[in-house]
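Any read-out appearing in this document is the output of simple, stated calculations on the displayed coordinates, not a laboratory observation. Since we're looking at a predicted model, the values are computed, not measured. Note that we place each Cβ from the backbone using ideal geometry, even for glycine, and neighbour counts take in every protein chain shown.
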Amino acid sequence: MSKTITLDGKVIPFEDGQTIMDAAMAAGIYIPHLCHQPEFTPHGSCKLCTVKVNGRNCSACTFPAMEGQDVLSETKELINDRRRITQMLFVEGNHLCPGCEKTGNCQLQAVGYHLNMLDNHFPLFYPGREVDASHPDVMIDRNRCILCTLCVRASQEKDGKNVFGVSGRGIGKHLIVNAESGLLKDTNLEATDRAVHICPTGALLIKRTGYRVPIGQRVYDHKEIDQVSLETETETLKHGG
């Protein structure tokens with residue numbers, strides 16, 4: 001007999017070792033997230049996937065599924081919290097969606113639409129952030145970085161290179177490059193690396209490819225992020241992560 005948890009009143013199965021996120025996605029239930037990708041070690045940094053487990057707030061991507069859990073995700077309180085978190089991500093960076101070449105392919109933008117985010121709510125920070133265009137094929141625009149650490153984990157776990165890291169605290173926290181110069185050109189990063197393609201925003205961009213896919217023909221121009229996320233999870237599990 002399979003083990004089960006209850007998610008928003010629906011009984012769903014889980015296997016030993018699965019997180020609440022794993023079980024939900026396997027059951028075709030989307031829990032909003034930005035720092036989670038099934039092929040990498042869970043990190044729990046964005047907090048969008050926070051759910052209430054037997055009355056306690058937990059990150060669905062890191063908290064293990066266990067028999068007898070009563071999990072709430074789609075409550076008014078949690079949806080409002082997710083909207084506020086997304087608004088904070090927008091104001092803490094410099095996200096100019098109409099002029100960004102990642103628009104329509106950006107997960108942060110798509111999550112904003114999913115959560116019916118209609119304004120920024122908070123004052124914009126307008127932080128001064130560095131752009132690194134030193135690499136011949138890839139550039140970093142830290143204005144768009146949300147510190148999800150996906151590129152860090154992808155570089156370590158998939159590419160075996162350890163190109164990226166995160167340094168600093170609070171508003172000073174930022175993406176760094178593990179080179180003595182601190183510049184991307186002095187690493188062994190290649191445009192084909194998984195780390196380059198995993199960024200959920202436009203913080204990592206491949207040069208000379210902008211707008212090849214016209215606006216209106218991009219991923220989230222045709223599909224909601226919940227559909228795309230569930231399809232990605234299924235495809236990843238099919239190929240063994």
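Here are the numbers for the structure shown:
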| item | result |
| --- | --- |
| Segment 26-156 - charge dipole about Cα centre, Lys and Arg +1 at Cβ, Asp and Glu -1, debye rounded to 20 | 260 |
| Full-stretch length increase - N80, D132 - with 0.36 nm per residue and alpha-carbon distance subtracted | 15.2 nm |
| Dipole magnitude of segment 3-74 about its Cα centre (Cβ charges: Lys, Arg +1; Asp, Glu -1), debye to nearest 20 | 240 |
| Over segment 96-229, volume per residue of the alpha carbon convex hull, in Å³ | 125 |
| Selected from M117, V163, T6, residue furthest toward positive end of dipole (the chain; charges at beta carbon) | M117 |
| Using distinct alpha-carbon pairs, which all enter the 1/r mean, Kirkwood radius of segment 3-136 in Å | 16.3 |
| Mean ellipticity per residue at 222 nm, deg cm²/dmol - from DSSP H runs of n ≥ 4 across the chain, formula -39500 (n - 2.57) | -6500 deg cm²/dmol |
| 5 Å binning of all Cα-Cα separations within segment 3-74, expressed as whole percents from 0 upward | 3, 20, 33, 27, 14, 3 |
| Separation in nanometres of the label points that stand 7 Å from Cα toward Cβ, at I206 and A27 | 3.7 |
| C-alpha center-to-center spacing [segment 1-19, segment 115-164] in angstrom | 34 |
| FRET efficiency, 1/(1 + (r/R0)^6) with R0 51 Å, evaluated for D8 and K173 via beta carbons | 0.95 |
| When each of K173/K223; K102/K158; K47/K102; K161/K223; K10/K158; K52/K102 is checked by Cα-Cα distance, pairs over 27 Å | K173/K223; K161/K223; K10/K158; K52/K102 |
| Label-to-label distance, nm, for residues given as E231 and N54 (7 Å Cα→Cβ offset) | 3.8 |
| Unmatched cysteines, the chain - criterion: no other Cβ of a Cys under 4.7 angstrom | C49, C58, C61, C97, C100, C106, C145, C151, C199 |
| Pairwise FRET efficiency - L124 versus T41, Cβ, R0 = 41 Å, nearest 0.05 | 0.80 |
| Given charges at beta-carbon only (K, R positive; D, E negative), |dipole| of segment 96-229 in Debye | 20 |
| Relative compactness, the chain, computed as alpha-carbon Rg over 2.2 N^0.38 Å | 1.03 |
